[in-house]
Amino acid sequence: MKPAAFEYHAPESVSDAVGLLAQYGDDAKPLAGGQSLVPMLSMRLTRFEHIVDLNQVQEMFGVSSTSSGNGANSANGINGAARIKADEVRIGAMTRQASVETNPTVAQKVPLLHLASPYIGHFQIRNRGTIGGSVAHADPASEYPAVMLALGGIAEVASPLGTRDIPAADFFQSTFTTALAGDDLLVALRFQPWAGPCSFAFAEIARRSGDFALAGAAVALGANEAGKINRAAVGMLGVGSTAVRASSVEAALSGLAVDEVDAAEVGRLAAQDMDPVGDVHASAEYRRSAGSTLVGRVLADALVQLTEELKDG
Amino acid sequence: MAEAVAISVKVNGRLQQGLVEPRLTLADFLREKALCTGVHLGCEHGVCGTCTILLDGQAVRSCLMFAVQANQAEVTTVEGLALNEDTLHPVQQAFSDCHGLQCGFCTPGFVISVAAFLEANPDPTDEEIRHGISGNLCRCTGYQGIVAATRQAAATMGGKSR
């Protein structure tokens, strides 16, 4: 259980980190929280000549947000706020999962991230693990990719050529495979807060607390003043080679009155959007069945909250 | 061959310096260089929790980071939790009182995790306790004694701060 030898680099800026990745190419790997990479190195499932530790890159930590009209409002002293558009929340890639979980801006403006965070490993893991690490690792059973996909988050990526945005829909390509090239560095994630009456719910099924989920679901719903659903986003994890959107469920919900939805029945449609893989933990059929039942339950939870919110007006 | 890196880590209040290979985990550094053998290694991939330490006050798995990453940081292992060698930390006392251990292999990780958990949740419910200890595995006790110990530690530590 000892990793192969590597050379250690600890850059202090994004540009230095990108420079190292460009210099060493495929022989280099960025190290974020290390909660997946270090075990993979220790078990020698992978090895790299150069490890580029991002833990000293201060500009990659923290949460900031803008609201239209009142300009940048930096919550944790993050740089790079220049890239934020009106009404966006920007979360530095090195922000610890524990910070995402407790950050009040995240809880208020991107509630799904707040709700999903406690499901990641255990608190000792979240003290070290980062949001960018989870997203860049792209484990199909992890929480943040499903939330990012459902909400249409943006990956802000730095490379020697400059900084560019990759939408979530283009980011996740396959298991452990993203649109990031060897000299790309995921710098931050950006999300647009939902406006108007809306509700959010998240849950997953796992054999033991903290284990990777057999299936999980993230649901965001929005309604107009008349109580008709005008926005639905459903992300699923553990039921395909990447996080997946339950597009059938989203389409079925569109235009329905909030109090008329049969959540269990609509949830069953999610089975069409999955391509689960069977393994020692659960068969593909079980994941499909449990996953679609779970989507129905999480949807029911979101509907109850949305009804409350419409009542409170 | 990767070059060794000079690091300096404050371990249980004492400065520990050394030349380390970058691939040396913090857990191995603490055990072999700082001689804090209370840091146990069970799974070495972040599941069992017995290597849990406090890094700048936060509970983390010492098998899931490299010693070079702890340069300039402050580490507390189970050896450094109590005020001095003659006393036990309230969490240690509670594990002793409530049969929170049998073979003892998992105990250092539990003690550190519970101390950190109670710091953040001074008055937990039983359900919160069970959730709080879910990141550590024990194969002897069936957890009942550990839950009872956590409850007792919460009471004694709360009593102290009031």
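Summary table
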read-out	value
Segment A:265-310 - Rg and Dmax from Cα coordinates, angstrom	13.0, 44
Local net charge near A:ASP184, Cβ-Cβ under 14 Å (Lys/Arg +1, Asp/Glu -1)	-3
Alpha-carbon centroids, segment A:235-286 and segment B:21-60: separation in whole Å	40
C-alpha long axis of helix B:107-120 to longest principal axis of chain B, angle in °	70
Relative contact order (%) - criterion: Cα under 8 Å, at least six apart; region: segment B:1-146	25
Spatially proximal aspartates and glutamates relative to B:LYS33 (Cα-Cα < 16 Å; intrachain offsets below 8 disregarded)	B:GLU21, B:GLU74, B:GLU79
Summed side-chain charge close to A:LYS29 - residues other than A:LYS29 whose Cβ falls under 15 Å, Lys, Arg +1, Asp, Glu -1	-4
Shielding by partners, peptide B:40-49 (average Cβ within 10 angstrom, other chains)	4
Spatially close lysines, pair count over chain A: Cα under 27 Å, gap of eight or more or interchain	5
Environment charge of A:GLU49, counting only residues whose C-beta is closer than 12 Å and scoring Lys/Arg +1, Asp/Glu -1	0
At 1.567 mPa s and 4 °C, Stokes diffusion of segment A:7-53 via Kirkwood alpha-carbon radius, µm² per second	119
Whether chain A is rounded, prolate or oblate, judged on the alpha carbon gyration tensor where a/c under 1.5 counts as rounded	oblate
Calculated from backbone phi, Karplus (6.51, -1.76, 1.60) coupling profile of segment A:187-193 in Hz, x at Gly/Pro	9, 7, 10, 10, 9, 9, x
Equivalent ellipsoid dimensions for segment A:153-293 as semi-axes, Å, which come from the Cα gyration tensor, largest first	28, 23, 12
Rg over Rh [alpha-carbon atoms, Kirkwood Rh] for segment B:37-89	0.99
Cα gyration tensor category, rounded, prolate or oblate, for segment A:61-191 with a/c compared to 1.5	oblate
Expected 222 nm ellipticity per residue - DSSP helices of 4 or more, -39500 (n - 2.57), all of chain B, to 500	-9000 deg cm²/dmol
Residues with amide H under 5 Å from that of A:ALA188, placed H, sequence gap 5 or more	A:ALA93, A:GLU156
Chain A: calculated mean residue ellipticity at 222 nm from DSSP helix runs of at least 4, using -39500 (n - 2.57)	-9000 deg cm²/dmol
Relative frequency of Cα-Cα separations exceeding 18 Å in chain B, percent	57
Relative contact order, percent, segment A:61-191 [alpha-carbon distance under 8 Å, six or more residues apart]	23
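Since every read-out is calculated from the coordinates, none of them should be taken as a lab result. Values in this document were obtained by computation on a predicted structure and should not be read as measured data. Positions of Cβ are backbone-derived with ideal geometry, glycine not excepted, and every protein chain shown enters the neighbour counts.
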